[in-house]
Amino acid sequence: MVSAWLETKCVSSLAKVFPDEELTCKPFSRASVFKNEIFSFQVAYRAQHVTRAKRDLKVRMESGLAHQISIKSVGLAPSELPCYPDQDEHILRSAPGLYPDPLFPMDTNRGVHAIPQQWRSLWITVALDGSAEAGVYPIRIAFQDESDSLLSESTIELEIINAELPKQKLLHTEWFHTDCLATHYNVEMFGDAHWVLIEKYVSTAVQHGMNMLLTPLFTPPLDTKEGGERPTVQLIDVEKQGDRYTFGFDQLKQWVELGNRCGVQYFEFSHLFTQWGAKHAPKILATEDGKLTRIFGWETDAAGESYKGFLRQFLPALVRFIETNNLESRSYFHISDEPSIEHIPWYTSASEIMKEYLGKFPMIDALSDYTFYEQGLISNPIPANDHIEPFLANGVENLWTYYCCAQYKQVSNRFFSMPSARNRMIGMQMYKFNIAGFLHWGYNFWYSQYSIAPIEPFETTDAGCAFPSGDAFLVYPGLEGPIESIRLKVFYEALQDMRALELLEGLAGRAETLKLLEEGLANEITFDVYPRDLDWLLSRRERINQTIKSLIK
């Protein structure tokens, strides 16, 4: 609806509303969801003629689902590096500038600003909890001026189908950087204020489908410059007496209890060997002669007897903790992140000692050379989505996938510059290929590359011009807790797509489900060949929903 000076338009969650370009996507007026689904859409608005720099608008929402609806304001985040110079053509823009991403809580009493000739949008989330009856529910969003006069309104109809999505089967981890919280909020590591923040950020992660939590036994040796250090994040207390060690697990127990409260299902224990080669030990502090000192780090040969002697004492103690706390089926381990083929000698040494003491637990590592799995060095490889084909071709079971900054050609990813449909498409891909888990390295990495210095996430979104904006973090730091992002919400929609396909499979069988998924396409879906436009994705999800509705009747 258009008033004398305010234009509004309902659009899907997959539209990215830039302030400086025309909004060409189709209007969004009707959709369907299941009784326990989280559904989002946007209302875009633009002031045409105002006499001041901005004008405040009141926002009113009316719906029978009002108690399950929240409204946030889509903010703009700067990007100096939105993509690499040789990026493929499937992006929205390549120029540095402002991109829609953070979702700021909105005070409906204070409203929003209308800025002349700029499109902005509201993000509307309907978080259904199973209590609403099946049926069609109008959702009306109205804009009013300071005197409560109606300026413009938009309405969509949301159909709730009388079925629930099955529980998420996919294991999903976005690496949780505990040190970044302490650094940004300037609180004591594992002090009371830090624990409060950890719980808030873990809760937000779990609410968005992250059911596995990176657990820092010792400071994770991730994205650290060789010879450099990240702030110490160590849950294990170590006491050293000569060559003998004793271990305290009180903080690890507190961590597990926090995870349980938040709904974490699985704990992935941090890497016990350095990234990109497994050549060194992580930073480990111990109390020796009453003094806390660093006993291992970059100077440590990971294959040497000193570190192996430590592991031979620590790993059995850790297993006893796991068994005592009934975590056997919830525990996963890492060796080293992203090793290359030239690192096989060091990785082999590390793998051997890990299997000796932790052989009954899954070992998961991001790596993309099939040789590591072929030689039995890793039980659960996690290849990148642009290197996954050899693993699929050889029928690797319980296969995971991941992507990071390097996966920017043809495959799904979630940079600022990419369409949200490219982010969301991975759910349907993971369903088709029976992917068991998804890993990403950046839930809240708020440092520059190699953890050299902290950054301000609302100012620097590319880790210091190192990774395209959108790679390093999914949440921003609010005053008291996390600020969500469009990318976080859309990726969760991908996980719900996966669950919807699993629901359909339970009713119609896998062959019919795959047939419906790919019907009408010129090519079968792979990880680098798939429909690119948001209209296909929205319409295909709607068709899945309506097919399920017809079958449950």
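Filter the stretch 98-113 down to the residues that are surrounded by fewer than 16 Cβ atoms within 10 Å (Cβ to Cβ) and over 20 Å from the mean Cα position of the chain (by Cα) and list them by number.
Within the stretch 98-113, Leu98, Asp107, Thr108, Asn109, Arg110, His113 qualify.
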Per the list (1) assigned by TED's automatic domain parsing to the domain that holds Tyr266; (2) hydroxyl-bearing (Ser, Thr, Tyr); (3) over 21 Å from Ala366 (Cα atoms), residue check on Tyr443 breaks on (3)
So, in the stretch 527-542, how many residues would count as being of a type in the set (Lys, Arg) and within 20 Å of Asn36 (Cβ to Cβ)?
1
Counting only residues that are among the small types (Gly, Ala, Ser) and surrounded by 20 or more Cβ atoms within 10 Å (Cβ to Cβ), which one in the stretch 377-436 is nearest to Leu92 (Cα to Cα)?
Ser417
Which numbered condition Ser368 misses (of (1) modelled with pLDDT of 95 or more; (2) more than 20 Å from Thr224 (Cβ to Cβ))
(1)
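Would you check which residues across the stretch 317-337 are surrounded by fewer than 13 Cβ atoms within 10 Å (Cβ to Cβ) and more than 29 Å from Pro383 (Cα to Cα) and list them? Can you show your working first?
Filtering the stretch 317-337 for residues surrounded by fewer than 13 Cβ atoms within 10 Å (Cβ to Cβ) gives 320, 323-324, 326, 328-329.
Scanning the stretch 317-337 gives Arg320, Glu323, Thr324, Asn326.
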In the stretch 224-266, which residues are surrounded by fewer than 21 Cβ atoms within 10 Å (Cβ to Cβ), over 25 Å from Trp346 (Cβ atoms) and in contact with a Ser or Thr (Cβ under 7 Å, 6 or more places away or on another chain)?
Pro231, Glu239, Cys262
Tell me, which strands (runs of 3 or more DSSP E) lie completely within the stretch 114-196 with 3 or more residues that are closer than 21 Å to Phe104 by Cα, within 29 Å of the chain's Cα centre (by Cα) and of a type outside the set (Ser, Thr, Tyr)?
119-127
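Is there a residue being part of a loop (DSSP other than H, G, I, E, B), within 23 Å of the chain's Cα centre (by Cα), farther than 30 Å from Asn545 by Cβ and aromatic (Phe, Trp, Tyr) anywhere in the stretch 1-17?
Within the stretch 1-17, the subset part of a loop (DSSP other than H, G, I, E, B) is 1, 3-5, 13-17.
Restricting the remaining residues to those that are within 23 Å of the chain's Cα centre (by Cα) gives 13-17.
Still in the list and also farther than 30 Å from Asn545 by Cβ: none.
Taking every residue of the stretch 1-17 in turn, none turns out to be part of a loop (DSSP other than H, G, I, E, B), within 23 Å of the chain's Cα centre (by Cα), farther than 30 Å from Asn545 by Cβ and aromatic (Phe, Trp, Tyr).
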Among the residues of the stretch 57-84 satisfying the criterion of being of a type in the set (D, E, K, R) and surrounded by 18 or more Cβ atoms within 10 Å (Cβ to Cβ), which is modelled with the highest pLDDT?
Lys72
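At pLDDT below 95, assigned by TED's automatic domain parsing to the domain that holds Val11 and hydroxyl-bearing (Ser, Thr, Tyr): does that describe Ser147?
On the way: at pLDDT below 95: yes; assigned by TED's automatic domain parsing to the domain that holds Val11: yes; hydroxyl-bearing (Ser, Thr, Tyr): yes.
For Ser147, the condition - at pLDDT below 95, assigned by TED's automatic domain parsing to the domain that holds Val11 and hydroxyl-bearing (Ser, Thr, Tyr) - is met.
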Filter the helices (runs of 4 or more DSSP H) completely within the stretch 471-553 down to those with at least 1 residues that are surrounded by fewer than 21 Cβ atoms within 10 Å (Cβ to Cβ), within 24 Å of the chain's Cα centre (by Cα) and touching a residue at least 40 places away in the same chain (Cβ under 8 Å).
486-508, 534-552
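The values are calculated or read from the model by the stated rules, or taken from the named source; none is laboratory data. In this text, all values refer to a predicted model and were calculated from it rather than measured experimentally. Note that each Cβ is placed from the backbone with ideal geometry, even for glycine, and that neighbours are counted across all protein chains shown.
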